[in-house]
Amino acid sequence: MLYIVATPIGNLEDISQRALRILKEVDLIACEDTRTSGIMLKKYQIETAKISFHSYSDQGKIDQLIDLLKEGKNIALISDAGTPGISDPGFLLIQAVRQAGIAVSPIPGPSAFLTALSASGLPINHFLYLGFLPVKKGRQTLLKKLQEEENTIVFYESPHRILKTLKEFNEYFPERKLVIARELTKIYEEFQSGSAKELLDYFSKKTPKGEFVVIMAGKDF
Ligand code: SAM
């Protein structure tokens, strides 16, 4: 069995009893980064063997994990934070494991975009999740398309690109309400809302740091 185990996005208390039990019981934990996950695993005295599985892992690594699963081993897949497969490595492994006829079971938990949406104050019965926006190719086409989007839009952004994105959004979506969630579940968690221009002014005051989720209201909100 391959378990897809969600882990905290900051606050290490945000992990389920079931996730902890599975991580203790499996034969192997496939981690995006064994050192990053090591901190959380150490806190919960989980001594299960670890193997790395990251975005650069090749078919050889997938085949190795499938062979272990076929031998009857139980493996848990975790990423650096949140739910594996959500803008994180996992999809190719999960697809290959399913194709091999091996069971895959999800152990639910946090995801940064859902955590941000839940407290955003914007309508979230319907939303469009975009992961990270394309940096170059397809970006302008996507932004033009989003001018017509009626649902709330949510995406991930890096601290290095947030100001550039807000400048661009001020051109494409000057009237739309935005919410920026930064450092969710951590000491410096903050939610800031306003127009792209207002948020640009706010985040330009000092070099942006930390992890960001950007949410934008749909066209008619
Ligand atoms: N798999 C993860 C999930 O389920 O949310 C997402 C992984 S993606 C590689 C990492 C991005 O998620 C970060 O660059 C940031 O945009 C967002 N993120 C992760 N943790 C966050 C946090 N505590 N606060 C705000 N954004 C966060």
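Once amide H atoms are placed 1.01 Å from N in the peptide plane, what residues at a sequence separation of 5 or more from SER204, or on another chain, have their amide H within under 5 Å of its amide H?
Here the answer is none, since no amide H 5 or more places off falls under 5 Å of that of SER204.
Rg and Dmax of the chain over Cα atoms: what are they, in angstrom?
Expressed in Å, the Cα Rg and Dmax of the chain come to 19.2, 57.
Given R₀ = 30 Å, FRET efficiency for GLU150-GLN192 by Cβ-Cβ distance, to 0.05?
Once rounded, the FRET efficiency stands at 0.80.
Taking the Cβ of GLN147 as the center, what net charge do the other residues with Cβ under 13 Å away carry, scoring Lys and Arg +1 and Asp and Glu -1?
Combined, the nearby Lys, Arg, Asp and Glu give -3.
At a 1.4 Å probe radius, carbon and sulfur cover how many percent of the accessible area of segment 113-171? Intermediate results must be reported in sequence, preceding the final value.
Working: 1910 of 3420 Å².
That share works out to 56 percent.
With a cut-off of at most 11 other beta carbons within 10 Å, and DSSP calling the residue loop, which trypsin sites (Lys or Arg not before Pro) in segment 131-204 qualify? Please list them.
When the trypsin sites (Lys or Arg not before Pro) of segment 131-204 are filtered for loop state and at most 11 Cβ neighbours within 10 Å, LYS136, LYS137 remain.
Leaving ligands, DNA and RNA out of it, work out the accessible area of VAL135 with a 1.4 Å probe and give it in Å² to the nearest 10.
80
Which whole-number percent gives the relative contact order of segment 147-219, counting Cα pairs below 8 Å spaced six or more residues apart?
Result for segment 147-219 is 50 percent.
Express the Stokes-Einstein translational diffusion coefficient of segment 2-107 in µm² s⁻¹, to the nearest whole number, given a Kirkwood radius over alpha-carbon pairs, 20 °C and a viscosity of 1.002 mPa s.
Result for D is 158 µm²/s.
If one puts a single equal scatterer on every Cα of segment 126-221 and applies the Debye formula without solvent, what log₁₀ I(q)/I(0) results at q = 0.10, 0.20 Å⁻¹?
Debye intensities relative to I(0), on a log10 scale: -0.23, -0.99.
Using Cα-Cα distances under 8 Å and only pairs 6 or more residues apart, what relative contact order does segment 123-189 have, in percent? Please report the intermediate quantities before stating the final value.
On the way: 37 pairs, mean separation 22.6, N = 67.
Computed value for segment 123-189: 34 percent relative contact order.
Show me, for segment 93-110, the HN-Hα J-couplings you get by feeding each phi into the Karplus relation (A = 6.51, B = -1.76, C = 1.60, θ = phi - 60°), rounded to Hz, glycine and proline as x.
5, 4, 4, 5, 5, 5, 5, 7, x, 9, 5, 10, 10, x, 10, x, x, x
Can you tell me the relative contact order of the chain? Whole percent, Cα pairs under 8 Å, sequence separation 6 or more.
22
Rolling a 1.4 angstrom probe over the protein heavy atoms, how many square angstrom per residue are accessible across segment 2-107?
Working: 5450 Å² over 106 residues.
On a per-residue basis, 51 Å².
Which one of ILE39, ILE66, ILE75 has the biggest mean-square fluctuation once the chain is modelled by GNM with Cα springs under 10 Å?
ILE39
Mind checking the per residue accessible area of segment 112-216 for me, 1.4 Å probe, whole number of Å²?
On the way: 5890 Å² over 105 residues.
Value for segment 112-216: 56 Å² per residue.
The values are calculated or read from the model by the stated rules, or taken from the named source; none is laboratory data. Just so you know, these numbers come straight off a predicted model, no measurement behind them. Cβ sites come from the backbone with ideal geometry, for glycine too, and all protein chains shown count toward neighbours. Remember, those area values only see protein heavy atoms, side chains included, never the ligands or the DNA or RNA. Shrake-Rupley method; radii C 1.70, N 1.55, O 1.52, S 1.80 Å.
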